[in-house]
Amino acid sequence: MDFPIELLINAIIAGVLLGGFYIAVTVGVSISFGMLDIVNIAHPAFIILGSYIAYIMNSRLGVDPVLVGLLMLPVFYALGAAVYQVYYVSFEKRGQEALRGLAFFFGILFITEVGLILVFGVDYRYAEAPYIGPAIRFAFVDLPYRMLIPCVLSLLLLASLQVFLSRTYVGRAIKAVAQDQQALTLMAANPIAIKRIAFGISIATAALAGAFLVIIQPVEPSVGREYIGRVFAIYVLGGLGSLPGTVIGAMLLGVVESITATFYGPSWAPAVSFGFLLLTLAFRPAGILGR
Amino acid sequence: MHSRTFILVTIVVAAAVFFVAQLVANNYLFFAGYTVLQFVVLATAWNILGGYCGYVNFGSAAFFAVGAYSSVFLHKAYPLPIPVLILVAGFVAGVIGLGMGYLTLRLRGSFFAIATLALAVVLQTLVTNWDFVGGSRGAYVIRPNSLDVFGHQIPYIEYLFLQMLILAAVAIATARTIERSRLGYGFATIRDDELAAEAAGVPTLRLKLIATTLSGALMGMAGAPFPYYLGFLQPQSAFALEYAVNSIAMPMIGGTSSWIGPLIGALLLGIVQQVATVTISSAVNVLIVGVLLVAFVIIAPNGIVGFVRNLMRRGRS
Amino acid sequence: MTEPLLRIDRVGKRFGGFVALDGIALDVAPGERLGLIGPNGSGKSTLVNCICGTLRNETGSVTFDGRKMDGLAAHQRTILGLARSFQLPRPFHSLSVADNLRIPLLYAVKARSGSHLSARELDDHCVEYLRLVGLDHKAARLPRDLTQVEMRKLELARAMAAEPKLLIADESMAGLSHSEIGDILKLLMVLNARGITIILIEHIMSAVMSFSQRLAVLVSGRKIADGDPQEVVRNPEVEKAYLG
């Protein structure tokens, strides 16, 4: 059999670009779950919310989706901080985050999804921008701009978060909260305030990820559920919250999904990430970089 | 009340419900009642793992669909009477519950929850790509309109209703029996503090596996008659959102600490949804359930049962 | 010399790069009262966790009552007769005080003897342990209604209810008043008189000195002294570790 090597290389490159975008999708969970121990399974719902806002601004006012994503950052930050406040008062303080906290986020996931269905229906929505469509072409390799731009911007987002976490006082406090709340009180910082900031940031990343998503593919409300598997598969693969690990996990999943879609058909793609997640949880719960 | 007495009472109540339904003899009532009872089973099953052990299962729809699709498979391969299908579905879903628990329960609880979400999507993808059971197009399950019982013609929907009624009684009796047993005490220690439970000699992993198996099996059993109820089964309807969200919301809203909470939650939400489906759309339905779920976990963390108990305690003092 | 009840043989444990236990060796004779002391972070709790199966030791082995414990889960060790109390009490919050004691009876004791206790016998046993620790008047209460010292008594009572051969009491007296410490000490002596071997891990030196027949000292994951309590506290190495 003549093995379609060109197809394979294209699939791998498409996978790397997709993986780049997956970084933006996952980085928020790396912060909330990995550093704050908050199992926000509604994170993908916030991403889809971001996509729809980008879609509205784009279709009504013609604003560039990426610009909308940037403008939404403070709004989503405030939204995240508010959600954390409710979560803290209702669950963390009462020590009920395990059962009721999870149910809370599950409820938010549904409310968002169904709310979007009621307002927009289940039709696919897409954004328009000059870079959606054209591609750079090297020999037989296609680099579509709609994939390239989210990938590059996602890497930028990750790099700036990494700098923020290691160079600034607040960033270091967030890392400290992940280790030990008591150590933080010694730094004279209020752990609740720090966690609120961190959760706000994690939701703010969903605004950008949502804008990228609507550039990459048309969205409909239930797309978010597919992303639950992706996000947590990458998160676990990447070693539970380490930012460099997130990059490797995202790229790996992107490539495997892209190859699966190319050679076996796109209907199998959702199973890849969830299958990966199940296997990793079962056999390598500390992630691929874990000991 | 002694467990044996309780089982007796459950049987009497179930018989009374069936008798009253017979008197009304309205087909719609049986259709609606079937759905409500199905939720009673799902909510009770969810609560055995979620309420008693404190492990959240987001994949109720997956277990339900496994039951439904095992019936579709057998319908095509080797047709069997529905009570047998229910047992087969219970076995298959129970094995999946056991395997799932074995793979993930050694990790922290939140990973189990995430893995159950993953399970639902993996299974849905498998079923969608499996042509024998209809794939994405779905499968027709031809059922008779009525059933001949000792010369009487009983409408088929009544027959299905009766199955689900018995199943609901079995689920509730199981939950109640566990609650008062050594197993129930063991489950409570898992929910409260697993380290301390181990130190007191409780084999936590084994108990958790019992809970996932039992809970999964009951959910699968609830799904087994479903293709016959609809006459047609598609992946989207078997893996529907509403099963996952309802089986969490009903116990949470009713109260998770005892068997009566899921029952109250399922009856209440189930009936509200039956009314709402007729009057408004099913999307609004799910929205209502979602909003109620969030409202209850924030405002009344112990559900209706906890709320009433608090009122009574305050009334006494 | 009689066979030791507990033999800890070169047990080692690391957390990442941090060596928590560096080849600890320690024998405990049947019926003995052993005190185990050491500064914070010296590895006492890690050692308890390795003995009880909450953590897995990476090197060495733990032998209890002539049986290798390595690879056994925590509940299996409890069933074999190795019970512990936790440093911070960890009651089962949704169960009443009496039901908290019912758990080890229903699980550890039942699994060991295989016999079925009737509901009546269970209640009798619970009451017996509650009387022993003086909590019988709070049997129906929930743990959250208990005071600090009552919580610690419940913690000890639950470990006792597992009917162990060896009881490890992990800082059962921290934060208690002088007379409360006396209560707990008296309780431990009663248990010891019943034939239960006890390892007492404690910071309060007066309590440790009056209780222990033998004293072992851990510093930075190593055992630096082991022997007669009076001699051990005069050991210059021990003094140095404690004075800084």
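Suppose a student asked you for the relative contact order of the range A:24-182, using Cα pairs under 8 Å spaced at least 6 residues apart; what percent would you report? Mind showing how you got there, number by number?
Values: 101 pairs, mean separation 46.5, N = 159.
It rounds to 29 percent for the range A:24-182.
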Interchain or long-range residues, amide H under 5 Å from C:R222's placed H: C:D22
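Mind checking C:101-108 for the average number of partner chain beta-carbons within 10 Å of each residue's beta-carbon?
Values: counts 1, 3, 12, 6, 2, 9, 11, 4.
Mean partner-chain Cβ count within 10 Å for C:101-108: 6.
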Residues with amide H under 5 Å from that of B:G134, placed H, sequence gap 5 or more: none
Inter-part distance where the range B:79-102 and the range A:218-267 are each reduced to a Cα centre, Å: 31 Å
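Please list the three semi-axes, largest first and in whole Å, of the ellipsoid equivalent to the range C:73-203, using sqrt of 5 times the eigenvalues of its alpha carbon gyration tensor.
Equivalent ellipsoid semi-axes, largest first: 21, 18, 13 Å.
Run the numbers on the range B:88-196 and let me know its relative contact order in percent, using alpha-carbon pairs under 8 Å that are six or more apart.
Values: 32 pairs, mean separation 8.4, N = 109.
The normalised contact order for the range B:88-196 reaches 8 percent.
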In sequence order, calculated HN-Hα J values of the range C:94-105 (Karplus, 6.51, -1.76, 1.60; Hz; x Gly/Pro): 8, 9, 5, 4, 5, 5, 4, 7, 5, 4, x, 5
Range in chain A, longest, excluding exposed chymotrypsin sites (Phe, Trp or Tyr not before Pro) [loop by DSSP; at most 12 other beta-carbon atoms within 10 Å]: A:141-291
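If you wrap a convex hull around the C-alpha atoms of chain A and split its volume per residue, what is the figure in Å³?
141 Å³
With a sphere of radius 15 Å drawn around the Cβ of B:Y140, what net charge do the other residues whose Cβ falls strictly inside it have (Lys, Arg +1; Asp, Glu -1)?
+2
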The range B:204-280 versus the range A:129-150: alpha-carbon centroid distance in Å: 46 Å
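When the expected Rg is taken as 2.2 N^0.38 Å, what fraction or multiple of it is the alpha-carbon Rg of the range A:55-95?
On the way: Rg = 15.4 Å, N = 41, 2.2 N^0.38 = 9.0 Å.
Compactness ratio reported: 1.70.
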Student exercise, the range A:6-119 dipole from Lys, Arg, Asp, Glu Cβ charges, in Debye to nearest 20: 320 debye
Overall dimensions of the range C:161-244 by Cα: Rg and Dmax, Å: 13.7, 40
Point-to-point label distance, A:F120-B:R180, nm (Cα→Cβ direction, 7 Å offset): 5.3 nm
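Do you know the relative contact order of chain C, to the nearest whole percent, from alpha carbon pairs under 8 angstrom that are 6+ apart? Mind dumping the intermediate values first?
Working: 446 pairs, mean separation 65.0, N = 244.
Once normalised by length, the contact order is 27 percent.
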Shielding by other protein chains, B:204-213, mean Cβ within 10 Å: 1
Helix axis angle, A:145-167 relative to chain A longest principal axis, alpha carbon, degrees: 20 degrees
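Please pull out the direction-averaged projected area of the protein assembly as shown, using the convex hull of its alpha-carbon atoms, in nm² to one decimal place. Walk me through the numbers before you get to the answer.
Values: hull surface 169.9 nm².
About 42.5 nm², averaged over all directions.
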Long pairs among C:K44/C:K240; C:K68/C:K223; A:K175/B:K208; C:K110/C:K165, criterion Cα-Cα beyond 27 Å: A:K175/B:K208
Environment charge at A:Y84 (Cβ cut-off 10 Å; Lys +1, Arg +1, Asp -1, Glu -1): +1
Values of log10 I(q)/I(0), in the order q = 0.20, 0.21, 0.30, 0.33 Å⁻¹, for the range B:15-62 under a Debye, Cα-only, solvent-free model: -0.71, -0.74, -1.07, -1.17
10 Å Cβ neighbours from other chains, averaged over peptide C:160-170: 1
Degrees, to the nearest 10: C:178-193 long Cα axis against longest axis of chain C: 90 degrees
For chain B, alpha-carbon Rg over 2.2 N^0.38 Å: 0.98
Pairwise Cα inverse-distance average, inverted: Kirkwood Rh of chain C (Å): 18.4 Å
Ratio Rg/Rh, restricted to the range B:47-146 and using Cα atoms, in which Rh is the Kirkwood radius: 1.03
Mean shadow area of the range C:165-209, taken as a quarter of the surface of its Cα convex hull (nm²): 2.9 nm²
Over the range B:219-259 - Rg/Rh using Cα atoms and the Kirkwood inverse-distance radius: 1.07
A:I9 paired with B:S282, simple spin-label distance in nm, labels 7 Å along Cα-to-beta-carbon: 4.9 nm
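Read-outs: derived from the displayed coordinates by stated rules, not from any lab. Owing to the predicted nature of the structure, the values given are computational and were not obtained by experimental measurement. So basically every Cβ, Gly included, is an ideal-geometry build from the backbone, and we count neighbours across all protein chains shown.
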